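Participant: This structure is in structure tokens; I'll ask about it shortly.
Read-outs: derived from the displayed coordinates by stated rules, not from any lab. Since the structure is predicted, the reported quantities are computational estimates derived from the model, not experimental observations. Methodologically, a virtual Cβ is constructed for each residue, glycine included, from the backbone with ideal geometry; neighbour enumeration extends over all protein chains shown.
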Amino acid sequence: MSAENNAPGEREWPLFEIFIRPRGGLDHKHVGSLHACDPRMAIEHARDLYTRREEGVSIWAVPSASITASDPAEADALFEPARDKIYRHPTFYDIPPEVKTL
Amino acid sequence: MSAAPEAPALYRYVLRLGDLALVLGQRLSEWVGHAPALEEDLGLANIALDLVGQARLLLAYAGEIEGRGRGEDDIAFLREHGEYLNPTLVEQPNGDFGETIVRQVLIDAYQLALYERLVRSGDERLAAIAEKAVKETRYHLRYSSNWLVRLGDGTEESHGRVQRALERLWPYTVELFEADALDRDMAERGVAPSLEEMRSAWSRHIDEVLTEATLKRPADRPYTWFGKRGEHSEHLGYLLAEMQYLQRAHPGARW
């Protein structure tokens with residue numbers, strides 16, 4: 001996908017994935033993607049597109065081409081075996097009534 | 001509020017600042033729906049909205065100084081061509097994207113030099129408005145300067161276009177720093193910064209950006225524009241016709 005965007009002769013700007021840290025102490029979260037011709041512009045566009053209402057205190061812009069994604073076709077092999085390994089889920093514990101926010 | 005005798009001068013000075021922001025905000029919003037990329041569309045609209053926001057604060061203040069019960073909307077929509085006191089540069093048509101960026105760099109650097117000093121104004125209200133506006137303006141200048149470097153140091157085509165835009169718009173910058181009686185009066189009273197000082201800060205930034213953008217700074221030519229005294233180029237009339245149409249056709253119309 002991103003390789004096509006960077007192909008020579010392609011006039012479209014490359015795609016960047018944008019991550020925003022909503023507040024100090026929280027993790028950066030993926031909020032979307034945008035086109036920009038260089039990383040500096042990606043940050044400016046992200047500021048204009050995703051932080052207009054004080055949504056964040058920090059922005060990361062990552063070229064989409066740098067992201068290696070899992071293949072949806074392999075989802076069965078990758079994720080389903082976890083489903084029947086119930087011992088991986090800590091569901092056998094009685095939660096004390098005092099603990100309200102687990 | 002200021003003592004009555006000084007009201008007209010302060011009123012006119014605040015109008016100069018407010019009209020600059022209003023007219024440029026209106027010009028930039030003409031890009032909405034037409035910018036070269038969706039992301040730029042939003043970028044320019046954001047800057048336009050910041051400027052309209054500054055204009056609202058300044059024109060509301062002008063109305064209070066005037067003391068005739070006019071609000072920001074009356075001042076924005078019901079004044080004539082010759083009552084607008086913005087510098088001629090900001091009413092110039094957008095041209096292509098490069099020309100808009102050149103105009104923006106020239107005026108962002110001017111507004112930054114202004115607001116950075118106006119925060120220490122003896123007029124508390126202006127100081128407070130500048131305090132809010134200076135942060136926005138720093139971002140505007142960063143946005144426009146980055147673009148000017150990309151275009152100037154880009155392809156032969158983009159370099160040629162922005163160099164030509166620079167030659168065309170440069171003569172209008174002389175007006176920004178040419179102090180008249182009102183500017184001197186405001187500076188002496190500690191309301192406004194000295195234009196001389198602003199010019200050197202402006203010049204320094206412009207030289208830096210032009211060098212990085214591999215553009216040539218045009219020579220200063222004699223001063224022939226007087227927008228800030230109410231004598232405008234033909235372009236302002238068309239802009240006002242569009243901006244004021246609704247309030248003129250349906251007086252008092254509200255959302």
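Participant: What is the magnitude of the charge dipole of segment A:2-70 about its Cα centre, with +1 placed on the Cβ of each Lys and Arg, -1 on the Cβ of each Asp and Glu, and no other charges, expressed in debye to the nearest 20?
Facilitator: Values: 8 positive and 10 negative charges, 62 e Å.
I would put it at about 300 debye.
Participant: Can you pull the mean other chain C-beta count within 10 Å for peptide B:32-41?
Facilitator: Numbers: counts 0, 0, 0, 0, 0, 8, 4, 12, 6, 1.
Mean shielding count: 3.
Participant: Given Cβ point charges of +1 (Lys, Arg) and -1 (Asp, Glu) and nothing else, what value in debye, to the nearest 20, does the dipole of the protein assembly as shown about its Cα centre take?
Facilitator: Numbers: 42 positive and 59 negative charges, 145 e Å.
The dipole magnitude comes to about 700 debye.
Participant: Right, something else. State, to one decimal in nm, how far the label point of B:ARG120 lies from the label point of B:THR211, with both points 7 Å from Cα in the Cβ direction.
Facilitator: 2.5
Participant: On to the next question. Considering the dipole of the protein assembly as shown built from charges on the beta carbon (Lys and Arg +1, Asp and Glu -1) around the Cα centre, which of B:LEU59, A:LEU34, B:GLY160 is farthest to its positive end?
Facilitator: Looking along the dipole axis, the top candidate is B:LEU59.
Participant: Going by the alpha-carbon gyration tensor, a ≥ b ≥ c the square roots of its eigenvalues, is chain A rounded (a/c under 1.5) or, if a/c is not under 1.5, prolate (a/b greater than b/c) versus oblate?
Facilitator: Values: a/c = 4.91, a/b = 1.53, b/c = 3.20.
Oblate is the answer for chain A, as a/c is 1.5 or above yet b/c matches or exceeds a/b.
Participant: How would segment B:181-251 be classified by its alpha-carbon gyration tensor: rounded, prolate or oblate, with rounded meaning a/c under 1.5 and the a/b versus b/c comparison settling the rest?
Facilitator: oblate
Participant: With unit charges on the beta carbon (Lys/Arg positive, Asp/Glu negative), name the residue among B:LEU114, B:PRO36, B:ALA9 whose Cα is farthest towards the positive pole of the charge dipole of the protein assembly as shown.
Facilitator: Going by the charge dipole, the pick is B:ALA9.
Participant: Under a 5 Å amide H to amide H cut-off, with H placed in plane at 1.01 Å, what residues pair with A:SER58 once short-range neighbours are removed?
Facilitator: A:ARG21
Participant: Moving on to the next point. Which lysines, if any, have their Cα less than 26 Å from the Cα of B:LYS132, not counting same-chain residues under 8 positions apart?
Facilitator: In chain and number order, the partners are B:LYS228.
Participant: Also: Quick one: Cα centre-to-centre distance for segment B:148-222 and segment B:20-84, in angstrom?
Facilitator: Their Cα centres are 22 Å away from one another.
Participant: Same structure, new question: Quickly work out the A:LEU26-to-B:ARG189 label distance, labels modelled 7 Å from Cα along the C-beta direction, and quote it in nm with one decimal.
Facilitator: About 4.7 nm separates the two model spin labels.
Participant: Nothing charged except the Cβ atoms of Lys and Arg (+1) and of Asp and Glu (-1): what's the magnitude of the dipole of chain B about its Cα centre? Round to the nearest 20 debye.
Facilitator: On the way: 30 positive and 42 negative charges, 48 e Å.
Once rounded to the nearest 20, the dipole reads 240 debye.
Participant: What does the C-alpha gyration tensor say about the overall shape of the protein assembly as shown? Classify as rounded when a/c is under 1.5, otherwise prolate if a/b is larger than b/c, or oblate.
Facilitator: Prolate is the answer for the protein assembly as shown, as a/c is 1.5 or above and a/b outweighs b/c.
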